[in-house]
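The values are calculated or read from the model by the stated rules, or taken from the named source; none is laboratory data. Note that the structure is a prediction, hence the values are computed from the model and not measured. Ideal geometry is used to build each Cβ from the backbone, glycine not excepted, and the neighbour counts take in all protein chains shown. Each accessible area value is taken on the protein alone, full model and side chains, heavy atoms only, with ligands, DNA and RNA left out. Shrake-Rupley method; radii C 1.70, N 1.55, O 1.52, S 1.80 Å.
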Amino acid sequence: MISFDFDYYKPDSIDEAVTLFRSLSSMGKKPMYYAGGTEIITLGRLNLLYTNAVIDLKGISECNILAHNSDTLTIGASLTLAQLGMNHYFPLLANISKEIADHTSRLKITVGGNICGNIFYREAVLPFLLTDSQVLIAGKNGLQKNPINNVFCKTMQLENGEFIVQLQTQSKYIESPFVSIKRRQQWNVGYPLITVNSIKVENQIRVAIAGLCPFPFRSLKMESMLNRKELSTEEKVELAIQHLPQPILNDVEGSDEYRIFVLKNTLLDVVETLEGAGA
């Protein structure tokens, strides 16, 4: 049970949501946007989060869109992981969405909520980092579109009062060969040790990783090593590992040394699979 009371608002438009946030902030409230609400409930029960006003984004049509044309796939940030897991427009995103949390949770967790969440896995961001997706962000300065690799650095770099409206991905990327691997310490339940997503674009392998560090990431330096044609697969992986960001997680799910061991073997599988795939 949440130990605090809060006011609830459900705007019908982007402008109304932004205006509400600014108005509530000026009154000394601590408003929060939400669509699924799973983290508000979970962290609120643990007294790790507090708000006295929530702004529900599910009533905004632009946040619920799913549209695909010959050039671009547009995904509203309020779509749930369950919805994306059943959709075949973006196979890599569907694959990763189906493996986050359990089915009941996926019915509530939204793609925007997962990307902006406090839990460090945030695996839904991996396919968007790999595909150079664009993020449509709403705030006091109106709507702004930015490459996700410019505005996601360990976390989404949102200003106070901003929220994700949509994510847009070019069709040429979502049709690329891909590999999605989630390694757990045991069985097929619980939090993963690491999750690795990879695609092959223009004969180049791209890799994004969650669970290794306290943030998901894509490393261009690692990719550069993995694409050195003159090296063996083992040599490529060994060089890539030297460019890991820090710190490496060391927790109950697994030690830092064990995580790196698992990552090396996973990257070997990724490179061997994608080197033989079409580009």
Correct response: the longest run of the chain lacking exposed trypsin sites (Lys or Arg not before Pro), defined by DSSP loop and at most 12 other Cβ within 10 Å, is 1-139
Residues with amide H under 5 Å of Cys213's amide H, sequence separation 5 or more or different chain, H placed in the peptide plane at 1.01 Å from N; which? Leu249
Keeping every protein chain present and rolling a 1.4 Å probe, give me the accessible area per residue for region 67-173 in Å². 43
Estimated inter-spin distance, Ser13 and Lys29, nm [label 7 Å along Cα→Cβ]: 1.9
Compare the Cα positions of Ser219, Asn203, Val252 along the charge dipole of the chain (+1 at Cβ of Lys, Arg; -1 at Cβ of Asp, Glu; about the Cα centre) and return the one farthest towards the positive end. Val252
Quick one: grab the alpha carbon gyration tensor of region 1-128, order the square roots of its eigenvalues as a ≥ b ≥ c, and give me rounded if a/c is under 1.5, else prolate or oblate depending on whether a/b is larger than b/c. oblate
Pop out the ³J(HN,Hα) list for region 221-230 in order, Karplus 6.51 cos²θ - 1.76 cosθ + 1.60 with θ = phi - 60°, rounded to Hz; leave Gly and Pro as x. 5, 5, 4, 4, 5, 5, 9, 7, 5, 7
Return the single residue from Ala101, Ala124, Ala208 with maximal mean-square fluctuation; model: Gaussian network over the chain, springs between Cα atoms under 10 Å. Ala101
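Share of the chain's accessible area from carbon and sulfur, percent, 1.4 Å? Mind showing how you got there, number by number?
Working: 6670 of 13500 Å².
Its accessible area is 49 percent carbon and sulfur atoms.
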To the nearest 10 degrees, the tilt of helix 256-275 (Cα long axis) against the first principal axis of the alpha carbons of the chain is 70
In sequence order, calculated HN-Hα J values of region 236-241 (Karplus, 6.51, -1.76, 1.60; Hz; x Gly/Pro): 4, 5, 4, 5, 4, 4
Loop chymotrypsin sites (Phe, Trp or Tyr not before Pro), region 184-279 (other Cβ atoms within 10 Å of the site Cβ: 15 or fewer; DSSP): Trp187
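Enumerate by residue number the GluC sites (Glu not before Pro) in region 111-172 meeting two conditions: DSSP loop (anything except H, G, I, E, B), and at most 10 other Cβ atoms within 10 Å of the site's Cβ.
Details: sites: Glu123, Glu159, Glu162; in loops: Glu123, Glu159, Glu162.
Those satisfying the criteria are Glu159.
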The chain: most fluctuating residue of Asn141, Asn149, Asn203 per GNM, C-alpha cutoff 10 Å: Asn141
From the phi angles alone, apply the Karplus equation (6.51, -1.76, 1.60; θ = phi - 60°) to region 5-10 and give each ³J(HN,Hα) in whole Hz, x where the residue is Gly or Pro. 8, 8, 8, 10, 10, 9
Taking the alpha-carbon centre of each part, the distance from region 100-119 to region 218-279 in Å is 26
Nonlocal amide H pairs with Val201, under 5 Å, H built at 1.01 Å: Arg206
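Averaged per residue, what accessible area in Å² does region 176-277 show with a 1.4 Å probe, protein chains only? Before the final figure, lay out each step's value.
Values: 4870 Å² over 102 residues.
Dividing the accessible area of region 176-277 by its residue count gives 48 Å².
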Each label sits 7 Å from Cα toward the beta-carbon; between Lys108 and Ser171 the label points are separated, in nm, by 3.7
Quick check on my link table: of Lys29/Lys58; Lys29/Lys145; Lys98/Lys200; Lys58/Lys145; Lys229/Lys264; Lys154/Lys182, which ones sit more than 24 Å apart, alpha carbon to alpha carbon? Lys29/Lys145
So for the pair Leu239, Glu159, with labels modelled 7 Å out along Cα→Cβ, what separation do we get in nm? 4.2
